[in-house]
Each structure stands twice: as C-alpha cells, then as structure tokens.
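What follows is a short report on a single structure.
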Amino acid sequence: MMDGMGILTTDDVCLAVREAGFALGPEDISLDPRDERLAVALPGGYMAWFPTNADGSARLKIERKVLHLLADRCRFAAPKIVYVSPSGFDVRATVPGVHKPWDLYRRIQHDPVLARRIGVSLGEILAEQHTRISEVDVADWLPRRVSWPNSCDWIRGRLPDVVEDRELLRHAEKVLQVYEGLSVDPSDCVLVHSDVGLHNVAVDDATDAVNGIFDYDSAAWQIVITISATWFSTSEKTTFWKPPCPSMSRSSDAPSTLCE
C-alpha cells in the first residue's frame with residue numbers, strides 16, 4: 001500500500017495503523033492532507049503521518065530525527081515518536097494540552113500578563129532548542145536553510161507580476177542585493193523551528209501554561225533573526241500576518257507568530 005504512495009484511502013490507513021495497535025474503522029478517522037504528507041488523528045492523543053511521495057518520505061525522516069534529538073536533549077514537550085513502520089509512516093504522541101490559537105490570541109490581546117507569561121515560556125523553550133543541540137548532531141542530514149524566503153532570482157522574476165510601482169521595485173532590488181551580500185558566521189547558526197507561533201503551540205487547558213511546540217517539518221540549521229514582536233519578545237523573528245492555518249486569509253485580526 002505504501003510502496004507506491006500517492007493517494008491513500010481511509011481503508012488504506014485503517015489497515016496500516018492496525019500494525020501499530022490501532023483497530024479502527026474508516027468511520028473513525030479523518031484524513032488531513034498536508035504538503036506531500038497525510039496526517040491522521042488517532043485516539044488517545046496520537047497522530048499518524050503518511051508520506052504521499054518520495055519527498056514526503058524524506059521530510060518525515062528528517063523530522064523524526066529532529067524529534068528524537070529534542071526528546072533526548074530538551075525538557076519541553078514535542079511530539080514523541082512511538083512507532084515507525086517499515087512502509088514509511090509513523091505514529092507520534094502529540095503534545096498534551098489544547099490547541100486553540102485564535103481563542104488564545106484574542107485573550108492575549110486583552111491580557112498583557114498572559115501574553116508576557118506565554119512569551120517568556122516560548123523564549124525559554126527556544127533557548128533550550130537553540131543551545132542544547134550542536135552542529136555535529138545534525139551535520140549530515142538537516143537542511144542548512146529554511147524553506148523561506150525563496151531565492152532572490154525567484155523573487156525578482158515574480159515581483160513585477162504583483163507590483164507595478166517602478167520606484168518600489170527599485171527599492172526592493174536594493175533590499176535583495178543587501179540580502180545576497182550578507183555573510184553568516186557559522187557559529188551563529190542553531191537548530192531553528194522556523195514556524196513558531198500560537199498555531200504550533202499546545203497549552204494547559206486549566207492554567208494556560210505552554211506545554212510544548214509541535215510541527216518541526218521545516219526545521220533547519222540556520223541563523224536566528226531577531227525582530228521585536230507585537231505582544232511579546234523572544235529571540236526569533238516575528239511574522240505579523242500568519243493565520244493559524246493556510247486556509248485562513250490575512251486580516252487585521254490574524255495572530256502574530258514567531259518564525260525564527
């Protein structure tokens with residue numbers, strides 16, 4: 001079933017997770033397509049991840065290595081690998097807690113004490129992540145750059161399709177040239193998540209304590225960029241228009257997120 005990958009059905013998934021100890025029927029599961037992968041929530045706080053092509057398989061393998069490192073070196077909670085199938089899928093214990101990014105964001109807007117508490121917690125988590133894993137741990141398998149931004153040539157080729165202002169394009173070109181000229185000291189690089197935000201955080205339902213972070217699919221060995229946040233500050237880049245999921249459009253109510 002997994003040899004050819006491609007499109008998976010609920011019957012396929014039920015048969016696959018049975019080997020991991022989950023006896024489920026098609027009516028018990030929902031398939032959640034992700035980039036080159038398929039996520040399936042399982043009972044008891046578990047999630048299965050299936051590759052849908054060779055690139056998806058490679059992504060899952062890298063993320064599993066990252067999660068193993070975090071479990072070994074860090075105190076904060078991240079998804080824990082509990083089963084890896086020879087056919088390529090895996091099962092993970094999810095980070096305990098609730099995941100309601102929009103609700104939490106709205107509360108943070110009116111509760112600076114809560115905002116600071118969550119910001120401090122995320123800063124502590126990222127400090128562990130950045131300092132407890134060394135380059136030698138990831139040297140031969142972790143990407144050396146995040147998946148964004150795309151190359152300057154890619155940006156140059158598309159900017160005129162969305163911007164007609166020649167003066168603005170001229171300034172954009174100056175920015176791209178500065179970016180291309182930047183040199184990075186290898187000692188400044190660390191393990192970055194690259195998409196830290198409320199959409200990838202689980203908190204305790206009773207206390208709002210940050211239990212941990214998930215979704216390390218885009219992790220990389222990269223320099224950390226520091227930009228102050230709107231409602232808290234940590235060592236990672238802030239993106240001001242990042243909805244909790246891709247299907248949500250940009251709006252003035254979108255929660256701020258930290259993206260290293």
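The values are calculated or read from the model by the stated rules, or taken from the named source; none is laboratory data. Owing to the predicted nature of the structure, the values given are computational and were not obtained by experimental measurement. Here Cβ is always computed from backbone atoms with ideal geometry, including for glycine, and neighbour counts include all displayed protein chains.
Annotations for the structure displayed:
- In the range 54-109, of all residues being of a type in the set (Lys, Arg) and in a helix (DSSP H, G or I), the one that is surrounded by the most Cβ atoms within 10 Å (Cβ to Cβ) corresponds to Arg59.
- Pro143, sole failed condition from (1) within 19 Å of Asp195 (Cα to Cα); (2) free of Cβ contacts under 8 Å to residues at least 40 places away in the same chain: (2)
- One residue stands out in the range 129-167 among those that are in contact with an Asp or Glu (Cβ under 8 Å, 6 or more places away or on another chain) and among the hydrophobic types (A, V, I, L, M, F, W, C): the one that is farthest from Arg75 (Cα to Cα), namely Cys152.
- Residue check for Ala220: at pLDDT 95 or above, among the aliphatic types (A, V, I, L, M) and either surrounded by fewer than 15 Cβ atoms within 10 Å (Cβ to Cβ) or outside the structural domain of Leu126 (by TED's automatic domain parsing) (or both): no
- Filter pass, Ala54 being among the aliphatic types (A, V, I, L, M) and either closer than 18 Å to Asn200 by Cα or in contact (Cβ under 8 Å) with a residue 40 or more places away in the chain (or both): yes
- Among the residues of this structure, Glu128 does not count as one that is touching a residue at least 60 places away in the same chain (Cβ under 8 Å) and either in contact with a His (Cβ under 6 Å, 6 or more places away or on another chain) or closer than 30 Å to Ser57 by Cα (or both).
- Residue check for Leu159: assigned to a helix (DSSP H, G or I), among the aliphatic types (A, V, I, L, M), more than 26 Å from the chain's Cα centre (by Cα) and surrounded by 14 or more Cβ atoms within 10 Å (Cβ to Cβ): yes
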